[in-house]
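All of the numbers you see were taken from the coordinates with simple rules; none came from a lab. This one's a predicted model, so the numbers in the text were calculated from it and none came from an experiment. Cβ: placed from backbone, ideal geometry, glycine included. Neighbour counts: every protein chain shown.
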Amino acid sequence: MKKAKGKPSIIWFNPTPITNPTPLSAAQLNAAASVPGRYTYSPARGTILPPGSHVLTVHFVPTNSDENEELDARVNILVKEKNKPEVAPQGPTNPELPPVTDPVGTPPSSPSAKSNGVLETVKVIPNEEQTGYEIQAATWAVKITSTTKFVQSAADTMGRVTIEKGNTVTTSGIGFKPNTQVDVYVFSTPTYLGSVITDALGNFTTTLPMPDALKIGDHTFQVNGKTPDEAVRTASVPITLLPTPGKPGKATFSIYYKLDTFFLYDEDKATIMKYVKAVKSKLTKSSKVTIDVVGWVQPTVISPHVEWLSINRARAVSTVMRSAGLKGKYILNAPGHDKLNIRSSRRAEVTITWTNSK
């Protein structure tokens, strides 16, 4: 009877984006299998890809092909354009009205509105998408919303909008003097974001980026314009700038055992250490890691101590990962018999997931 081949595992992360005309190199073509073998990549090393999203593939042929199956894997890579022009702010390039700062210098705890320096009573109404809110005064109103999908949380109970770094903000208003300039700032230290001209009804809408130099934390977003009778109208909005979270990561591999044992050989430990090293290189200080290990037993005619063998296969692998310094939430599962009566059923399956990948 012909023995079934083992199925090795392969790890390959989506590479960091490159800029055209950077050629493909070992930095991108770096798949790693759990057994020795030969890798054939497409596109090949040295290829210069045009700007856009591309698929990289690898065909892996194990050195011991009589005992192990061949593998195919794929990842995605983004090729950026060189010197891509930035989008300039809309409207005029110079402000007309200076920012209105608080002598204390701290951001407001809730939105405020002033006309000629006199506070007005306002209502703060969150939008349905929970990405911003509207400040309503008696004769005018201003809206502020985040305009990308990377908002971590909604406008909070104190009327504070949370925005991720690199995000843009859309602000709009009604009730201003028609055909006049509205200036937008962000501070602690006042920074001019841009301006927009109101229409014939005194309304405006503009989308502006948050400055790259703006520090993570609490700030004031401010809109300054004119009332129909030329008074200065100011809306000050508390915002919180958050760091952009990294993408989640995932790695899977299997360790195969001899019959009726959970003993790990040096080569098994080396494989585990290789995967741990690869995962740790992708973690950040804020990453949360979960390690799920499942121990399986081959359903032979005589399978003594099934549960004991199943859990100890999972424990053996997790012990090596812990000793290698992989910290996180470990989940061990011992379902016992696998479905197929083949040697590859004698294994521990490992799935590692984490947040905020590099």
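Tell me the net charge near Tyr192. Cut-off is 13 Å between Cβ atoms, Tyr192 excluded, with +1 for each Lys or Arg and -1 for each Asp or Glu.
-2
Please work out the FRET efficiency for the pair Leu201 and Thr47, using the Cβ-Cβ distance as r and a Förster radius of 56 Å; give the result to the nearest 0.05. Before the final figure, lay out each step's value.
Numbers: r = 55 Å, r/R0 = 0.99.
It comes out at approximately 0.50.
Quick one: dipole size for the chain, taken about the Cα centre, charges +1 on Lys/Arg Cβ and -1 on Asp/Glu Cβ, in debye to the nearest 20.
1640
How high is the relative contact order of the chain, in percent, with contacts defined as C-alpha pairs under 8 Å that are six or more residues apart?
14
Would you mind classifying region 112-242 by shape? Square roots of the alpha carbon gyration tensor eigenvalues, ordered a ≥ b ≥ c; an a/c under 1.5 is rounded, otherwise it is prolate if a/b is larger than b/c and oblate if not.
Judged from the Cα gyration tensor, region 112-242 comes out prolate (a/c at least 1.5, a/b above b/c).
Using +1 at the C-beta of Lys and Arg and -1 at the C-beta of Asp and Glu, which of Ser25, Leu340, Val232 has the Cα lying farthest in the positive direction of the dipole of the chain?
Value: Leu340.
Hey, if you put +1 on the Cβ of every Lys and Arg and -1 on every Asp and Glu Cβ in the chain, which of Ser281, Thr198, Phe176 ends up farthest toward the positive end of that dipole?
Most positive-ward Cα: Ser281.
Averaged over all directions, how much area does the convex hull of the C-alpha atoms of the chain cover when projected, in nm²?
Working: hull surface 96.6 nm².
Hull-based average projected area comes out at 24.2 nm².
What is the gain in length, in nm to one decimal, between Glu230 and Glu129 on full extension, counting 0.36 nm per residue of separation less the C-alpha to C-alpha distance?
So the chain would gain 32.9 nm between Glu230 and Glu129.
How far is helix 306-323 tilted off the main Cα axis of the chain, in degrees rounded to 10, range 0 to 90?
The angle comes out near 60 degrees.
Do the sum for the chain: with -39,500 (n - 2.57) for every DSSP H run of n ≥ 4, divided by all residues, what is the mean residue ellipticity at 222 nm, to the nearest 500 deg cm²/dmol?
Helix contribution divided over all residues of the chain: -3000 deg cm²/dmol.
Report, for region 245-358, the % of DSSP beta bridges that are antiparallel, rounded to 5.
Values: 15 of 22 bridges.
Taking every DSSP beta bridge with both residues in region 245-358, the antiparallel ones total about 70 percent.
Starting from 0.36 nm per residue, how many nanometres of slack lie between Lys358 and Asn179 once their C-alpha separation is accounted for?
59.7 nm
For a label point 7 angstrom out from the Cα of Thr101 toward its Cβ, which stretches of region 171-186 have the backbone nitrogen within less than 15 Å?
Correct set: 185-186.
Could you give the alpha-carbon Rg of region 211-358 over 2.2 N^0.38 Å, rounded to two decimals?
Normalised Cα radius of gyration, region 211-358: 1.75.
For the Cα atoms of the chain, what angle does the longest principal axis make with the long axis of helix 266-280, in degrees from 0 to 90, nearest 10?
Once rounded, the angle reads 0 degrees.
Which value results when the Cα radius of gyration for region 264-351 is divided by 2.2 N^0.38 Å?
Against the empirical 2.2 N^0.38 Å value, I get 1.17 for region 264-351.
For the pairs Lys80/Lys274; Lys250/Lys288; Lys247/Lys280; Lys114/Lys215; Lys7/Lys269; Lys165/Lys280, note any where the Cα-Cα span goes beyond 21 Å. Please report the intermediate quantities before stating the final value.
On the way: Lys80/Lys274 31 Å; Lys250/Lys288 12 Å; Lys247/Lys280 15 Å; Lys114/Lys215 27 Å; Lys7/Lys269 18 Å; Lys165/Lys280 25 Å.
Cα-Cα > 21 Å for Lys80/Lys274; Lys114/Lys215; Lys165/Lys280; rest within.
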